[in-house]
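Here is the structure we will look at.
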Amino acid sequence: MTAPRLEVELERIEHNTRTLVDRLAPRGIRVCGITKATLGSPGVGAAMVRGGADGLGDSRLENLSRLAGLDESTSRTLIRAPMLSQAGQVVRIATSSLNTEPAVLEALAAGASRYRRVHDVVLMVELGDLREGIAAADVIAAAGAVVERTNLRLVGLGTNLACQNGVVPDDRNMGELTRLVEQVEAAYGIALTRVSGGNSANLDWALSTEDVGRIDELRLGESILLGTEPLHRTPIDGLSTDAFVLVAEAIEVGEKPAQPWGDRAQMAFGEPPVLRRTGTVRQAILALGRQDVDIDGLIPPAGIEVLGMSSDHLVVDLGDHDLAVGEELRFGLGYGALVRAMTSPFVTKVERERIGRVKALTVVR
């Protein structure tokens with residue numbers, strides 16, 4: 001089979017989803033499975049739904065449209081604030097969206113009226129991470145602007161932490177979200193049914209705090225896909241961390257000096273030159289580059305060291321590992337590396353799903 005390729009074990013994604021769903025259910029928290037790192041793969045989305053995800057979410061309309069072929073009862077949420085220019089498409093493709101801007105809400109209402117639909121809205125609140133969000137003082141007024149529109153339905157409030165500035169979810173900021181929910185409900189005499197507390201970074205808080213308040217949903221991507229939590233990138237007990245493996249083929253293998261020679265300047269992507277140890281290196285070049293994967297999130301097999309990467313070449317020190325030209329190496333992936341590999345048109349995606357005792361292969365183009 002061709003390389004580079006990304007091998008996806010759907011059974012492990014289903015297992016991770018079910019494990020997290022089961023752990024959060026006693027706390028009254030549902031899981032929205034986030035597929036954005038996999039370009040809205042229908043196979044991945046279906047595995048999340050089989051594992052108990054209450055719905056699916058993605059940041060791109062193109063990805064959400066790929067999920068539209070799943071069970072019609074599966075909700076699809078646009079988790080990046082809609083672009084004003086795409087408001088009409090949003091109400092056609094997504095069942096709900098996360099919002100902050102009055103102009104976008106007006107356009108969504110117009111689109112929903114045109115298509116004779118009611119679009120569900122979650123208003124995002126700024127609680128310190130300084131990415132998207134309405135100021136707490138403005139939330140009640142913003143909620144009123146949604147409530148007054150017949151083609152929009154205010155279903156809840158949400159927030160996002162630990163992405164832009166690494167702000168950790170805790171009792172204080174999650175408690176503030178609960179208080180805002182109660183204020184909106186009191187102001188307009190409505191019951192909000194979706195309080196979206198955040199992403200995989202919320203797991204430690206959600207599973208350890210004494211009281212989750214009104215938080216009843218988490219939007220989980222990295223924890224399901226990679227079995228890790230984003231705050232410290234540590235594995236989550238009981239989850240599979242190898243649902244994704246990137247496979248690359250060796251195109252050159254041989255002994256080379258550890259140190260380069262000649263005058264030195266910046267490397268291919270502007271990095272300063274790196275001093276290596278002395279002696280020789282049993283070096284391999286793999287047909288894999290920055291056009292395919294993020295080097296910072298690439299996890300080599302034990303005993304192998306990544307020496308560098310340009311657009312098309314990955315150079316590794318094999319150590320005692322045996323490898324010949326034409327043979328393959330398998331790499332684990334961090335979140336950034338997964339996103340890049342899924343995005344690259346040069347990486348073949350192969351999804352494996354166990355049916356009975358046989359694993360069915362699907363090559364995703």
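Where a number appears in this text, it was derived from the coordinates with a stated rule and is not lab data. Given the structure is predicted, the values throughout are model-derived calculations rather than measurements. Backbone-built Cβ (ideal geometry, glycine too); neighbour counts: all protein chains shown.
Set against the 2.2 N^0.38 Å expectation for a compact globular protein, segment 39-165 has a Cα radius of gyration ratio of 1.05.
Derived scalar couplings between HN and Hα for segment 61-76 equal 4, 4, 6, 4, 5, 5, 8, 5, x, 6, 3, 4, 6, 6, 6, 10 Hz in order, rounded to whole Hz, by the Karplus curve 6.51 cos²θ - 1.76 cosθ + 1.60 (θ = phi - 60°), x for Gly and Pro. The value obtained for the chain, namely the Cα convex hull volume divided by the number of residues, is 161 Å³ per residue. Highest average first, the peptides 310-316, 10-16, 82-88 ordered by how many other beta carbon atoms sit within 10 Å of their residues are 10-16, 310-316, 82-88. Build a GNM of the chain with springs between Cα atoms under 10 Å: which of G308, G262, G57 gets the top mean-square fluctuation? Residue with maximal mean-square fluctuation among G308, G262, G57: G262. Charge dipole of the chain (Cα centre as origin; +1 on each Lys and Arg Cβ, -1 on each Asp and Glu Cβ, all else neutral): 1020 debye, rounded to the nearest 20. Sequentially through segment 149-166, phi angles give Karplus couplings (6.51, -1.76, 1.60; θ = phi - 60°) of 9, 6, 9, 10, 10, 6, 9, x, 10, x, 8, 9, 10, 6, 9, 6, 10, x Hz, Gly and Pro residues having no value and appearing as x. For segment 208-260, the set of trypsin sites (Lys or Arg not before Pro) satisfying both a DSSP loop assignment and a count of at most 16 other C-beta atoms within 10 Å is given as R233. Using a cutoff of 8 angstrom between alpha carbon atoms and counting only pairs six or more residues apart, the relative contact order for the chain works out to 18 percent.
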